[in-house]
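Trainee: Mind having a look at this structure? Questions to follow.
The values are calculated or read from the model by the stated rules, or taken from the named source; none is laboratory data. What you see is a predicted model, and the numbers here were worked out from it, not measured in a lab. When we count neighbours, we look across all protein chains shown, and the Cβ atoms used for this are built from the backbone with ideal geometry, even at glycine.
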Amino acid sequence: MAVVALIYLAATFVLAHGSTSTIDRAMQLAINLTQGRFDLGPGFRSNDIVILNGRYYQAISLLPIVPYLALVPFAALWPLAHWIVSAVLGVVTAWLALPIARRYGPKGTTAYWLATLGAFGTLLFTQAITGNFYYLGHVEAILFTFVALIEWRGQRRGWVLGLTLGLAGLARPTVLLAAIPFGVALALDAGRRIRTLAGFVAPIVGTVLLALAYDFARFGSVFETGYGISQLSAPLAAMRAQGLFSIRHLSSNLALFIGGGFGFREPFPYLVPNDNGHSILLTSPALLAAVGAPLRDFTVRLLWAATIIVAIPVFLYYGGGGAITYGYRYALDFMPFLLALVAIAARTRFGALEKLLIIMSCGFVCYGFVWFAIK
């Protein structure tokens, strides 16, 4: 835990050092929320800003804003809030990689290899250390999905699973789709099905209603999230014009997810990542070990079902891997399920190849830190 915290906080400090200290949009929105306002105020004209009735709104889910509320009373911390919030939640999330490894995989040193993959071999690391409130949504979704996965290998309390998946959905709505296979699994597995399912469904319904109420307060409609009417750069606007979610985006997204590579430049650090994302094989190749998990295991089938159902909207989305990003960050929505599958696969096979893939994953992900620090 100390090593994880030290590395995450040190990397955050390096990126934060010398950066411009300004109040970011999430902190400004949190300040305004405490004053009963849902808008940002004037002067914001970047991507994902909705201008409605002369007011400027940020198109974003609710949960990434919530941690900022704790810092509203401390004005001196406002310019640093995005670094503080992301780093702290990133450390807590990375800590959970070891319990995930132990619940789903073998014990001993193998668990530490798997935890290293979760903490430093996935884009969780780069999302947590860069102080970006968009990235914070991914960190929060992973955090609550990890808790749900730990609970599934524990007592399987319906209300805990429902609450954690519901909160993950408040951070990244696509993750909420994982509640479908988990709900079906509970219905098939629970001894007291009605009570367990009621406990599972209630918090999910509550979080959905909260999200709808937030959208209604901002846009006057429970059916408008803001992403369909927000300002965008010309290339993104052209993609969105084909559909916010569309089969037309599938081929280009899959090509980016599987085959997107690096460009080159003469100055160090030489490799130039595509701002729209690049192949998961060049960020977390160790996740390929998930295919070794035996399908005869019910939990394996459940995890693959969750992976697939969450991946569908990710690959149908107009935004590629996530604009201005390192790696295919939208894939983080289903990454926790793949990590659990990798851990299960490690029970029957974990040798030199798997260790090499984990080392490669950590190397590629840490290159993202180098890129952010030097570019």
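Trainee: Quick check, is A213 assigned to a helix (DSSP H, G or I) and closer than 24 Å to F364 by Cα?
Mentor: Numbers: assigned to a helix (DSSP H, G or I): yes; closer than 24 Å to F364 by Cα: no.
Taking the combined requirement at face value, the residue does not satisfy it.
Trainee: Here's another thing I want to ask about it. Restricting to region 268-282, name every residue that is under 17 Å from the mean Cα position of the chain (by Cα) and among the aliphatic types (A, V, I, L, M).
Mentor: Matches in region 268-282: I280 only.
Trainee: So if I check each of Y317, Y367, which one is farther than 20 Å from L117 by Cβ, of a type in the set (S, T, Y) and in contact with a Phe, Trp or Tyr (Cβ under 9 Å, 6 or more places away or on another chain)? Write out each step before concluding.
Mentor: Working: Y367 fails: farther than 20 Å from L117 by Cβ.
Within the list Y317, Y367, the selection yields Y317.
Trainee: Please go through region 140-175 and give me each residue that is over 21 Å from A115 (Cβ atoms) and aliphatic (A, V, I, L, M), ordered by number. Talk me through it step by step, then tell me what you get.
Mentor: Of all residues in region 140-175, those over 21 Å from A115 (Cβ atoms) come to 155-163, 165-167, 169-175.
Hits for region 140-175 are V160, L161, L163, L165, L167, L170, A171, V175.
Trainee: To continue, here is another question. Go through the residues of region 286-300 one by one and say whether even a single one is of a type in the set (D, E, K, R), outside any helix (DSSP H, G or I) and surrounded by fewer than 23 Cβ atoms within 10 Å (Cβ to Cβ).
Mentor: Step one: of region 286-300, the residues of a type in the set (D, E, K, R) are 296-297.
Checking the rest, the ones that are also outside any helix (DSSP H, G or I) come to 296-297.
Those left that are additionally surrounded by fewer than 23 Cβ atoms within 10 Å (Cβ to Cβ): 296-297.
Yes, there is a match, as at least one residue in region 286-300 is of a type in the set (D, E, K, R), outside any helix (DSSP H, G or I) and surrounded by fewer than 23 Cβ atoms within 10 Å (Cβ to Cβ).
Trainee: Related question: Looking only at region 143-172, filter to residues that are part of a helix (DSSP H, G or I) and without any contact (Cβ under 8 Å) to a residue 24 or more places away in the chain; which one of those is surrounded by the most Cβ atoms within 10 Å (Cβ to Cβ)?
Mentor: At the first step, the residues of region 143-172 found to be part of a helix (DSSP H, G or I) are 143-152, 158-171.
Remaining after also requiring without any contact (Cβ under 8 Å) to a residue 24 or more places away in the chain: 151, 160, 164.
Details: E151: 19, V160: 19, T164: 23.
Among them, the one singled out is T164.
The rows are residues; the columns are (1) buried (at least 18 other Cβ atoms within 10 Å of the Cβ); (2) assigned to a helix (DSSP H, G or I).
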position	(1), (2)
R45	no, no
I51	no, no
I60	yes, no
P64	yes, yes
L71	yes, no
W78	yes, yes
H82	yes, yes
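Trainee: Can you pull out every residue in region 352-373 that is at pLDDT 95 or above, surrounded by fewer than 23 Cβ atoms within 10 Å (Cβ to Cβ) and among the small types (G, A, S)?
Mentor: Result: A352, G363.
So that you can scan it fast, the table gives a plain yes or no per residue for (1) polar (S, T, N, Q); (2) closer than 30 Å to G351 by Cα:
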position	(1), (2)
R102	no, yes
T110	yes, yes
L124	no, yes
T196	yes, no
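Trainee: Right, another one. Output the number of the condition that A293 fails; it satisfies all remaining conditions of (1) under 27 Å from G368 (Cα atoms); (2) free of Cβ contacts under 8 Å to residues at least 60 places away in the same chain.
Mentor: (1)
Trainee: Ok, one more. Among the residues of region 233-246, are any touching a Pro at 6+ places or on another chain (Cβ under 9 Å), within 25 Å of G327 (Cα to Cα) and surrounded by 13 or more Cβ atoms within 10 Å (Cβ to Cβ)?
Mentor: Within region 233-246, the first condition is being touching a Pro at 6+ places or on another chain (Cβ under 9 Å), and the residues that meet it are 245.
Filter once more, so that each one left must be within 25 Å of G327 (Cα to Cα): 245.
Next cut, surrounded by 13 or more Cβ atoms within 10 Å (Cβ to Cβ) only: 245.
Yes, some residue in region 233-246 is touching a Pro at 6+ places or on another chain (Cβ under 9 Å), within 25 Å of G327 (Cα to Cα) and surrounded by 13 or more Cβ atoms within 10 Å (Cβ to Cβ).
Trainee: Determine whether region 318-325 contains at least one residue that is at pLDDT 95 or above and buried (at least 18 other Cβ atoms within 10 Å of the Cβ). Talk me through it step by step, then tell me what you get.
Mentor: Restricting attention to region 318-325, the residues satisfying the condition of being at pLDDT 95 or above are none.
Checked against the condition, which is being at pLDDT 95 or above and buried (at least 18 other Cβ atoms within 10 Å of the Cβ), region 318-325 yields no hits at all.
Trainee: Show the residue pairs meeting these rules: Cβ distance below 7 Å; 6+ apart or different chains; first residue within region 204-227 and under 10 Å from A59 (Cβ atoms) and in contact (Cβ under 8 Å) with a residue 12 or more places away in the chain; second residue part of a loop (DSSP other than H, G, I, E, B) and aliphatic (A, V, I, L, M).
Mentor: Taking only residues 6 or more apart or on different chains, the pairs are T225/A59; G226/A59; Y227/A59; Y227/L244.
Trainee: Still on this structure: Which of the residues that make up region 114-133 are within 17 Å of M335 (Cα to Cα) and assigned to a helix (DSSP H, G or I)?
Mentor: We begin by selecting, within region 114-133, every residue within 17 Å of M335 (Cα to Cα); these are 114-128.
Those that are within 17 Å of M335 (Cα to Cα) and assigned to a helix (DSSP H, G or I): L114, A115, T116, L117, G118, A119, F120, L124, F125, T126, Q127, A128.
Trainee: Any idea which residue in region 26-82 is farthest from T12 (Cα to Cα), counting only those that are of a type in the set (F, W, Y) and touching a strand residue (DSSP E or B) at 6+ places or on another chain (Cβ under 6 Å)?
Mentor: Our first condition is that a residue be of a type in the set (F, W, Y); within region 26-82, this holds for 38, 44, 56-57, 68, 74, 78.
Filter once more, keeping what is touching a strand residue (DSSP E or B) at 6+ places or on another chain (Cβ under 6 Å): 44, 56-57.
Working: F44: 26, Y56: 30, Y57: 28 Å.
That would be Y56.
Trainee: Out of all the residues in region 25-33, is one or more surrounded by fewer than 22 Cβ atoms within 10 Å (Cβ to Cβ), among the polar types (S, T, N, Q) and not in a helix (DSSP H, G or I)?
Mentor: Looking for residues that are surrounded by fewer than 22 Cβ atoms within 10 Å (Cβ to Cβ), among the polar types (S, T, N, Q) and not in a helix (DSSP H, G or I), one finds none in region 25-33, hence no.
Condition check ((1) within 23 Å of the chain's Cα centre (by Cα); (2) under 25 Å from H138 (Cβ atoms); (3) in a helix (DSSP H, G or I)) across all residues:
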position	(1), (2), (3)
T174	yes, yes, yes
L177	yes, yes, yes
I180	yes, yes, yes
A187	no, no, yes
L197	no, no, yes
V205	yes, yes, yes
S221	no, no, no
